[in-house]
Amino acid sequence: HNVAATGESHSRTLLRLMWCLDFIGTLIVYMLAHPAASMRECCSKAYDAALAPHHPWIVRTAVAAGMIAVPRKEKFLRIFNGDQAKAHHDMEVCMKYMTPLRESLWAFYHKHNLTGLP
């Protein structure tokens with residue numbers, strides 16, 4: 001009996017956390033590549049790329065409506081780590097360490113056919 005494949009283990013939860021890492025990574029990459037983009041645009045692009053494929057229409061619609069509550073980028077950057085230059089540096093460092101982790105996790109999940117857990 002393969003417990004991981006049934007979703008009755010922590011494998012399913014880790015998969016959801018991997019989706020979250022994909023969202024955060026995509027958000028950071030978009031913010032770094034498009035510094036003039038609004039936070040709402042950055043979040044929408046990251047959601048569409050990383051999480052929307054895993055959600056049904058009703059969730060995608062609710063998320064789209066909720067994007068109105070996304071704070072301005074300046075506020076986000078202050079919360080993240082102060083000014084834009086410091087936040088930019090910290091996001092680059094974050095990606096340096098997060099990217100290999102994401103790649104390793106996804107490689108393991110693909111190897112063991114765990115990407116389609118319910």
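A short reminder: the numbers here are calculations on the coordinates, not readings from a lab. These figures come from a predicted structure and were not determined experimentally. Neighbour counts run over all protein chains shown; Cβ positions are idealised from the backbone, glycine included.
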Legend entry - Rounded to 10°, Cα long-axis angle of helix 84-111 versus longest principal axis of the chain: 10
Inset, instruction - For the pairs Lys45/Lys111; Lys86/Lys111; Lys73/Lys111, note any where the Cα-Cα span goes beyond 32 Å. - result: Lys86/Lys111; Lys73/Lys111
Inset, instruction - Please report the relative contact order for the chain, taking Cα pairs under 8 Å with a sequence separation of at least 6, and give it as a percent rounded to a whole number. - result: 36
Inset, instruction - Report the full-extension gain for the segment Ile58 to Ala107: residue separation times 0.36 nm, less the Cα-Cα distance, to one decimal in nm. - result: 14.6 nm
Inset, instruction - For the chain, build the charge dipole from Cβ charges (+1 Lys, Arg; -1 Asp, Glu) around the Cα centre, then report which of His10, Ala37, Thr115 sits farthest towards its positive end. - result: Ala37
Inset, instruction - Take the alpha carbon gyration tensor of the chain, find the square roots of its eigenvalues, order them as a ≥ b ≥ c, and report rounded if a/c is under 1.5; if not, report prolate when a/b exceeds b/c, else oblate. - result: oblate
